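Chemist: Submitted below is the structure of interest, expressed as structure tokens.
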Amino acid sequence: MTGILCLDKPEGLTSFVAADRAKRRTGAAKAGHCGTLDPMATGVLPVLLGSATRFLPFLPTAPKRYTAVLKLGVRTDTLDRTGTVLETRPVSADRADVLAALDAFRGDILQVPPMYSAVKKDGVRMYDLARKGVEVPRDPRPVTISRLELLDGAPDTMNHPLAEQEYVLDITCSGGTYIRTLIDDLGAALGCGAVMTDLRRTAVGPFSEEGAVSWEELNRAQEYNLSARILPVDRFLQQYPEVAVTDKQAARFQNGGELFLSRLRLPEHTAPADGEPLFRMYGPDGAFLGLGVPDEEAGVMKIRRIFTGR
């Protein structure tokens, strides 16, 4: 199979394991995923299957939306409930205090990546250093929190009620945002510390939890006919203008040949401020061929990615 499977990842699995299971259940030759989720997190994990994996760098993976549960009065080394408790503090903050504290974290802010993260320091993953008890300075990074709201009660996806001093946040943010860090910083602002006890991603880019394939459906693939749930990769490349070519041009493109720009009808478009001015290439039958990038100086459309359909 080739395309994208929007998977609802369960708790307790790495994103790699979840994507590998999707590959085996669908019979795809290979698989990849965008937007890694920690093992304790659940929710939307887009899995690219077959030739679709070649288009991973071009898929929109922001903004991201999460439902997160925080508990006041506790801090751990991982900033979530899976870590070792570093300290507990008395809590005087109430719901109104939490609500008021959110204002400082909306918009463009700076975050220091946690030690338990995949960020590299001198070529070494932070979590490898953290597991050895080593802590190193980390530079703050800019992120954007476009939505940060306090919800009433536990979300339906939680299988347990909220405990004392637990609150639920609805967060929409840019890529690279650490929800654990956001909650830790919020706890520091409240003066009592806080730890993330639950995390669910409800959307990443154009992918959302509505219609996502559950773990049960994945494991019973034949019964649920997953082929009908595989989405075409070009559906999620709509930010690039479409170019139709002839049969001969399509054959040349898919065989690795460049196309003369003078023989193409390129739609008017606004070039991106950064990145390449890519085009979605289609044959006369409407079949997606891949992505091309124009070389105005050479007068040709070069190949950026070929879609083989396998």
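The values are calculated or read from the model by the stated rules, or taken from the named source; none is laboratory data. If you're wondering where the values come from, they're calculated on a predicted model, not measured in any experiment. Note that each Cβ is placed from the backbone with ideal geometry, even for glycine, and that neighbours are counted across all protein chains shown. With ligands, DNA and RNA removed, areas are computed over all heavy atoms of the protein, side chains included. Shrake-Rupley method; radii C 1.70, N 1.55, O 1.52, S 1.80 Å.
Chemist: If I take every Cα pair under 8 Å that is 6 or more residues apart in region 1-109, average their sequence separation and divide by the length, what percent do I get for the relative contact order?
Modeler: Normalised by residue count, the contact order of region 1-109 is 23 percent.
Chemist: Also, quick follow-up: Per 5 Å bin from zero, what fraction in whole % of the C-alpha pairs of region 1-126 is there, up to the bin with the longest pair?
Modeler: Computed distribution, short to long bins: 2, 8, 13, 16, 17, 16, 11, 7, 5, 3, 1, 0.
Chemist: Shifting gears a bit: How long are the semi-axes of the equivalent ellipsoid of the chain, taking √(5λ) for every eigenvalue λ of the Cα gyration tensor, in whole Å from largest down?
Modeler: They are 42, 22, 18 Å, listed from largest to smallest.
Chemist: Could you tell me the relative contact order of the chain? Use alpha-carbon pairs under 8 Å, at least six residues apart, and round to a whole percent.
Modeler: Computed over the chain, the figure is 22 percent.
Chemist: Report, in debye and to the nearest 20, how large the dipole of the chain comes out about its Cα centre when Lys and Arg carry +1 and Asp and Glu carry -1 on their Cβ.
Modeler: 1200
Chemist: Let me ask something else. Work out which GluC sites (Glu not before Pro) in the chain are exposed loop sites (DSSP not H, G, I, E or B, at most 13 other Cβ within 10 Å) and give the longest gap free of them.
Modeler: 1-134
Chemist: To the nearest 500 deg cm²/dmol, what mean residue ellipticity at 222 nm is calculated for the chain from DSSP H runs of n ≥ 4 alone, each contributing -39,500 (n - 2.57), summed and divided by the residues?
Modeler: -4500 deg cm²/dmol
Chemist: Moving to a separate point now. If you roll a 1.4 angstrom probe over the protein chains with everything in place, what fraction of the accessible area of region 159-310 belongs to carbon and sulfur, to the nearest %?
Modeler: Carbon and sulfur: 46 percent of the exposed surface of region 159-310.
Chemist: Something else about it: In square angstrom, what is the accessible area per residue of the chain with a 1.4 angstrom probe?
Modeler: Dividing the accessible area of the chain by its residue count gives 50 Å².
Chemist: Taking region 83-177, which trypsin sites (Lys or Arg not before Pro) meet the DSSP loop condition and have no more than 11 other C-beta atoms within 10 Å?
Modeler: Hits after loop and neighbour filter: Lys132.
Chemist: Continuing with this model, one more query. Cross-link candidates for Lys30: which lysines have Cα within less than 27 Å, leaving aside residues fewer than 8 places away along the same chain?
Modeler: Within reach: Lys9, Lys64, Lys120, Lys302.
Chemist: While we're here: In whole Hz and in residue order, list the ³J(HN,Hα) couplings for region 95-103 that follow from phi through the Karplus curve 6.51 cos²θ - 1.76 cosθ + 1.60, θ = phi - 60°; x for Gly and Pro.
Modeler: 4, 4, 5, 4, 4, 5, 6, 5, 3
Chemist: How many percent of the accessible area of region 13-145 is carbon or sulfur, using a 1.4 Å probe?
Modeler: Carbon-and-sulfur percentage of accessible area, whole number: 51.
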